Amino acid sequence: MAKKKKETKEQPVEQVLWASADKLRKNMDAAEYKHIVLGLIFLKYISDNFYELYRKLESGEGDYEGANPNDPYEYRAENVFYVPPQARWDYLQGRAKLSTIGKDVDDAMDAIEKDNPSLKGVLPKEYAKEKLDKQSLGGLIDLISTIALGDSVSRSNDVLGRVYEYFLGQFALAEGKKGGQFYTPRCVVQLLVEMLEPYEGRVFDPCCGSGGMFVQSEKFIEAHADRYNGKAREIDKLFDRVVSIYGQESNQTTWRLCKMNLALRGIDSSNVKWNNEGSFLNDAHPDLKADFVIANPPFNDSDWSGELLKNDGRWQYGGKDNPPPAGNANYAWIQHFLYHLNPEGMAGFVLAKGSLSSKTNGEDKIRKALVDAGLVDCIVNLPTKLFLNTQIPACLWFLSREKESNSNHPRRNKVLFIDARNMGTLINRRTREFTPDDTKTIADTYHNWKKNNGAYEDIPGFCKSATVAEIAALDYVLTPGRYIGLPDDEDDFDFTERVRTLTAELEAQMAVCVALDNRIRENLAKVEVASGE
């Protein structure tokens with residue numbers, strides 16, 4: 001009997017590319033290699049995109065009659081990056097085996113920035129460094145050459161977007177804790193966007209990382225293109241027409257990743273700003289009033305210069321003498337988001353779960369003021385292992401300025417609690433993801449509750465619509481388990497408090513050790529040993 005042929009499952013192109021690219025990394029740190037690889041993908045994309053228009057200009061047919069394919073202004077008119085001859089992919093691929101390939105790529109990046117002012121200071125120029133093996137660099141260029149990234153067919157299939165996003169996620173995994181600083185897991189961003197529904201208006205992320213919130217907003221618009229008079233074939237233009245994005249990032253290398261990420265998708269990033277002081281000390285959009293704030297700020301940040309900002313005008317909740325604590329920025333971020341919302345705006349963001357129950361340093365007073373003002377719309381308890389950089393339990397907050405502005409708003413005195421701790425699927429030992437069904441279940445629950453269309457009902461163990469009076473009765477603690485009925489053991493876990501307690505115990509035990517050592521030394525000093533014994 002003939003042996004049954006073993007079926008082989010074809011891997012997605014991004015996984016094949018990653019496996020090959022990772023082999024070429026050798027001993028280089030993922031944090032450095034990330035810029036090498038993502039920079040080359042960007043270069044390949046704009047070169048493919050350039051050549052597509054170049055051929056049309058060269059043909060001189062139709063609208064392109066009399067056009068000059070070597071004139072950079074022809075490309076600017078079409079919102080396409082001009083790529084000078086020494087930076088075009090075929091030229092670099094032809095030099096991939098030469099020892100000078102690192103300098104060639106750096107020169108290419110320089111040349112592109114000179115011809116495209118919007119990319120000034122954005123592109124990596126680290127390819128000539130000695131520690132980057134030039135043979136591996138050549139291999140990487142050959143590898144990326146195997147896939148078309150910037151032609152119209154690839155763009156319509158979002159090949160580049162999938163590759164870039166997949167690589168960002170894989171680099172974040174490889175970097176471990178540091179990776180989470182520039183990357184929010186896609187399933188978390190998807191859930192935030194699906195719940196907020198940013199169909200049109202100004203979208204703001206004041207700690208925007210590599211731009212995942214903006215990219216996912218674009219995908220949301222694309223998925224709902226029929227809503228806009230069926231103009232699904234003009235997706236790129238559609239997004240720019242209905243949404244304006246505003247962002248800020250304090251890490252310059254992360255800001256560069258964000259600018260490339262958005263440029264690749266044709267999203268205008270002119271309002272995505274960088275300064276190393278950050279959003280609290282140097283707000284890059286001081287007058288912005290956004291329709292949506294979507295964000296994932298650093299968890300429990302204790303280094304946010306709170307001591308310098310005690311009298312800042314953004315702190316409007318919890319009393320004049322109760323600024324956010326200098327040792328934790330959670331409630332500073334919340335009030336920064338609110339400051340930037342228009343009277344009908346909404347905010348959806350990630351925070352450490354301790355923010356729902358903290359009772360120290362005046363945070364409980366701020367939380368009470370937010371609830372009493374009608375601002376809190378929904379709280380979602382997240383499962384563990386969703387985030388790459390921390391094991392701290394996390395949650396989603398949703399705030400509504402409209403509820404605060406309208407005292408007769410039908411949801412004014414209500415808050416929806418959702419407990420998603422039992423949702424999601426482990427994709428490996430340390431990482432969990434929401435499935436599309438999970439995301440739909442949570443988002444639909446929230447939308448049905450908001451619409452009050454009769455489709456929502458409380459489900460024990462999953463969701464509960466609570467009144468402000470019920471929340472007040474529980475001392476304004478917002479952990480969903482308190483209202484939904486799941487055990488609260490984990491909900492009551494306060495990471496900061498636990499670390500403080502354990503540190504105090506450790507210090508006390510170390511003090512005892514020192515005392516015992518001293519006592520032993522003193523006793524040894526009293527022992528006399530006779531000579532000759």
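The values are calculated or read from the model by the stated rules, or taken from the named source; none is laboratory data. The structure displayed is predicted, hence computed values, not measured ones. For neighbour counting, all protein chains shown are included, and Cβ atoms are generated from backbone atoms with ideal geometry for every residue, glycine included. Each accessible area value is taken on the protein alone, full model and side chains, heavy atoms only, with ligands, DNA and RNA left out. Shrake-Rupley method; radii C 1.70, N 1.55, O 1.52, S 1.80 Å.
Structure notes:
- Zero-based 5 Å bins, Cα pair distances in the range 401-456, whole percents: 4, 16, 18, 19, 15, 10, 8, 6, 3, 1
- Dipole check for the chain: with +1 at the C-beta of Lys and Arg, -1 at the C-beta of Asp and Glu, and the Cα centre as origin, the magnitude is about 920 Debye.
- Dividing the radius of gyration of the alpha carbons in the range 336-451 by their Kirkwood radius gives 0.99 for Rg/Rh.
- In plain terms, if you count all Cα to Cα distances in the range 271-341 and split them into 5 Å steps from zero, the share in each step is 3, 16, 27, 29, 19, 6, 1 percent.
- Computed over Cα pairs, the Kirkwood radius of the chain leads via Stokes-Einstein (1.002 mPa s, 20 °C) to a diffusion coefficient of 83 µm² per second.
- Measuring nothing but how far apart in sequence close Cα pairs (under 8 Å, 6+ apart) lie, relative to its length, the range 215-326 scores a relative contact order of 19 percent.
- The phi torsions of the range 417-427, fed into the Karplus equation with coefficients 6.51, -1.76 and 1.60 and a -60° offset, translate into couplings of 10, 10, 10, 9, 4, 9, 9, x, 10, 6, 9 Hz, rounded to whole numbers, with Gly and Pro shown as x.
- Of the GluC sites (Glu not before Pro) found in the range 251-354, those that fall in a DSSP loop while having at most 13 other beta-carbon atoms within 10 Å are Glu277.
- Per residue, the average separation of C-alpha pairs within less than 8 Å and at least 6 apart gives the range 331-476 a relative contact order of 24 percent.
- Debye intensity ratio I(q)/I(0), log10, the range 14-132, q values 0.13, 0.15, 0.23 Å⁻¹ (C-alpha model): -0.57, -0.73, -1.34
- From most to least packed by mean Cβ count within 10 Å, the peptides 260-266, 83-89 give 260-266, 83-89.
- Relative packing of 517-524, 207-214, 453-460, which averages over residues the other C-beta atoms within 10 Å, highest first: 207-214, 453-460, 517-524
- With the largest listed first and rounded to whole Å, the semi-axes of the equivalent ellipsoid of the range 361-420 from the Cα gyration tensor are 26, 14, 8.
- For the peptides 120-127, 26-33, the ranking by packing is 120-127, 26-33, with the highest mean count of neighbouring Cβ atoms within 10 Å listed first.
- Taking the Cα atoms of the range 304-378, the ratio Rg/Rh between the radius of gyration and the Kirkwood radius comes to 0.92.
- All C-alpha to C-alpha distances of the range 237-383, sorted into 5 Å bins beginning at zero, yield P(r) values of 2, 8, 17, 21, 21, 15, 9, 5, 2, 0 percent in whole numbers.
- Scaled against 2.2 N^0.38 Å for its residue count N, the alpha carbon radius of gyration of the range 85-144 is 1.09.
- Charged-residue dipole, Cβ positions (Lys, Arg, Asp, Glu), the range 358-402 about Cα centre, Debye nearest 20: 160
- Spatial separation of Cα centroids for the range 287-313 and the range 392-461, in angstrom: 24
- Pairs of Cα atoms farther than 17 Å apart, the range 435-474, %: 41
- Based on Cα contacts under 8 Å between residues 6+ apart, the chain shows a relative contact order of 10 percent.
- Placing pseudo-labels 7 Å out from each Cα toward the beta carbon at Ala511 and Glu344 gives an inter-label distance of 6.0 nm.
- Surface calculation, 1.4 Å probe, protein heavy atoms: Cys187 sits at approximately 10 Å² accessible.
- In nm, spacing of pseudo-spin labels at Glu200 and Lys368 (7 Å Cα→C-beta vector): 4.2
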